[in-house]
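First the structure, in the form of structure tokens, and then the observations on it.
Every number in this text was worked out from the coordinates using simple rules, so none of it is lab data. Remember, it's a predicted structure, so these values are computed and weren't measured experimentally. So basically every Cβ, Gly included, is an ideal-geometry build from the backbone, and we count neighbours across all protein chains shown.
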Amino acid sequence: MILPGETIGILGGGQLGRYAAVSARMAGYRVCVWDPDPESPAAMIADAHLREDFLSSLARDRFVDQVSAATLEFENIPPELMDRLSGSIRLSPGPLSVLTCQDRILEKSFLRKQGIPTVPYIVLETEDDVSAFVRSVLEGDQTAGSLFPAILKRSRWGYDGKGQISLTDVDGLMEEYRTLGSVPCLLEKRISLYKEISLILCGGKTAKPVVYPLIENVHVNGILHTSVAPARVDPELCTRAIEIGQSVMEALSHEGVLTVEFFIDQSGALLVNEMAPRPHNSGHLSLDSCGVSQFSQQIRILTGAPPIPPDLRGAAAMVNLLGDLWGKGEPDWSLVLSNTNARLHLYGKKESRPGRKMGHITLIAPSPDLALSEALALYQGIAGVNVTPPSEAPLPHV
Ligand code: ADP
Ligand code: MG
């Protein structure tokens with residue numbers, strides 16, 4: 001076991017790393033954050049900040065020298081670094097999970113191999129692949145044509161909807177492929193969503209992973225806007241989501257926190273969208289509504305302690321606060337601070353940009369409906385704009 005007093009390393013220094021650092025420090029560990037950003041939100045509260053590029057071998061040696069174990073807050077860690085670190089220190093999660101989740105092509109083929117349903121897609125690795133695909137659509141290939149409307153996604157380095165382009169038909173596919181840099185991509189069918197949900201699992205070396213109650217998510221422009229737990233979905237679907245999550249954990253021998261993002265389509269079918277080998281934005285509500293947060297679990301598992309059943313206390317909703325809200329300067333927080341059911345979180349980022357995650361609010365209430373409507377009302381008060389709660393379309397009969 002890694003004991004308090006020893007140093008935990010965190011790869012990446014955004015808000016997820018910041019919460020991991022807080023959890024580690026609360027438990028008495030020292031923290032070293034590795035992130036090239038001089039204004040990293042996690043480094044602000046760490047004992048040490050390694051402000052170097054992830055490809056620097058000198059930095060890697062310095063990191064390994066000072067930490068007993070390391071975890072990560074984002075999956076885009078260079079594969080060679082994952083390999084080197086896993087050979088030198090305790091690392092959770094390990095390379096298999098991280099490499100699978102950081103590459104959409106690997107991720108989708110992993111899911112397909114496991115027999116887990118996803119949206120229909122094809123892999124486009126080169127311009128030749130794109131030309132051949134365009135030709136097949138123009139020649140009337142039904143399967144190829146049925147992918148539209150579609151989303152072209154870069155296989156690597158995408159987050160918050162970045163590196164994705166929507167296409168109504170095959171016209172312009174080559175141009176958009178070039179816009180993304182002619183790198184390996186997926187072309188996914190854009191499906192009509194009934195709901196999006198996420199599942200957070202925490203697994204150590206032994207025993208079955210513990211799971212948080214399913215979370216229901218709404219994205220706006222590819223960025224998470226609201227999360228509500230427990231998700232308002234059919235219990236059978238919850239059971240299926242947990243079975244899928246557990247089978248993914250097992251197949252990846254995943255040690256640590258794992259998030260599975262699901263789509264529910266209009267026919268009620270459950271599909272896996274993607275996975276993250278780490279705590280997730282949708283799990284931020286665990287900080288205020290559960291006995292143990294996703295970040296405490298991350299640190300516990302890393303240090304060799306077993307994960308704890310999450311113990312959701314009532315319902316909760318979270319709304320992200322993006323940089324857009326800072327258009328006229330710092331928003332007025334008095335409304336949220338004076339509401340005793342609300343919690344305000346700010347990540348300490350000095351520079352606000354549209355789409356940049358600056359903080360979030362969590363609202364605790366007796367039911368998910370109440371939590372969401374009160375959180376959105378509060379958000380509306382902060383934003384000063386009309387925000388319509390997500391529609392409550394009934395699940396079509398299947
Ligand atoms: P990111 O890595 O940026 O989170 P995602 O693939 O999860 O990328 O896409 C972000 C969001 O865009 C999703 O949560 C969903 O709202 C929407 N989206 C992505 N792919 C599809 C799809 N095939 N059909 C419908 N909506 C999609
Ligand atoms: Mg996603």
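Could you give the dipole magnitude of the chain about its Cα centre, charging the beta-carbon of Lys and Arg +1 and that of Asp and Glu -1, in debye to the nearest 20?
Magnitude of the dipole: close to 880 debye.
Subtract the Cα-Cα distance of residue 125 and residue 37 from 0.36 nm times their separation in residues, and report this length gain in nm to one decimal. Don't skip to the answer; put the middle values down first.
Details: separation 88, 0.36 × 88 = 31.68 nm, distance 3.14 nm.
Contour length minus Cα-Cα distance gives 28.5 nm.
When every Cα-Cα distance of the range 60-100 is counted in 5 angstrom steps from zero, the calculated P(r) takes the values 5, 25, 39, 23, 7, 1 percent.
When both the range 288-319 and the range 200-224 are represented by their alpha-carbon centers, they are found 11 Å apart. Model label points for residue 109 and residue 157, set 7 angstrom from Cα along the Cα-to-Cβ axis, are 2.1 nm apart. Taking the chain as a Gaussian network of alpha-carbon nodes connected by springs under 10 Å, the highest mean-square fluctuation of the residues 114, 142, 298 belongs to 142. Mean-square fluctuations from a GNM of the chain, with a 10 angstrom spring cutoff on Cα atoms, peak among 262, 74, 110 at 110. Annotation for the range 132-193 versus the range 35-86: alpha-carbon center distance of 34 Å. As a length-normalised measure over Cα pairs under 8 Å and 6 or more apart, the relative contact order of the range 1-138 settles at 19 percent. DSSP beta bridges fully contained in the chain are about 80 percent antiparallel. By the count of other C-beta atoms within 10 Å, a proxy for reagent exposure, 113, 108 are ordered fewest to most as 113, 108. In order along the range 148-157, the phi-based Karplus estimate (6.51 cos²θ - 1.76 cosθ + 1.60, θ = phi - 60°) of 3J(HN,Hα) comes to 9, x, 9, 10, 8, 10, 4, 5, 10, 6 Hz; Gly and Pro are listed as x. A Förster distance of 51 Å, applied to the separation of the beta-carbon atoms of residue 183 and residue 308, puts the FRET efficiency at 0.80. Subtracting the Cα-Cα distance of residue 253 and residue 234 from their residue separation scaled by 0.36 nm leaves 4.0 nm. For the chain, the relative contact order is 14 percent, taking Cα pairs closer than 8 Å that sit 6 or more residues apart in sequence and dividing their mean separation by the residue count.
Taking only the alpha carbons of the chain, we obtain Rg and Dmax values of 21.1, 66 Å in that order. Comparing 244, 264, 89 in a Gaussian network model of the chain where C-alpha atoms under 10 Å apart are linked, the largest mean-square fluctuation is found at 89.
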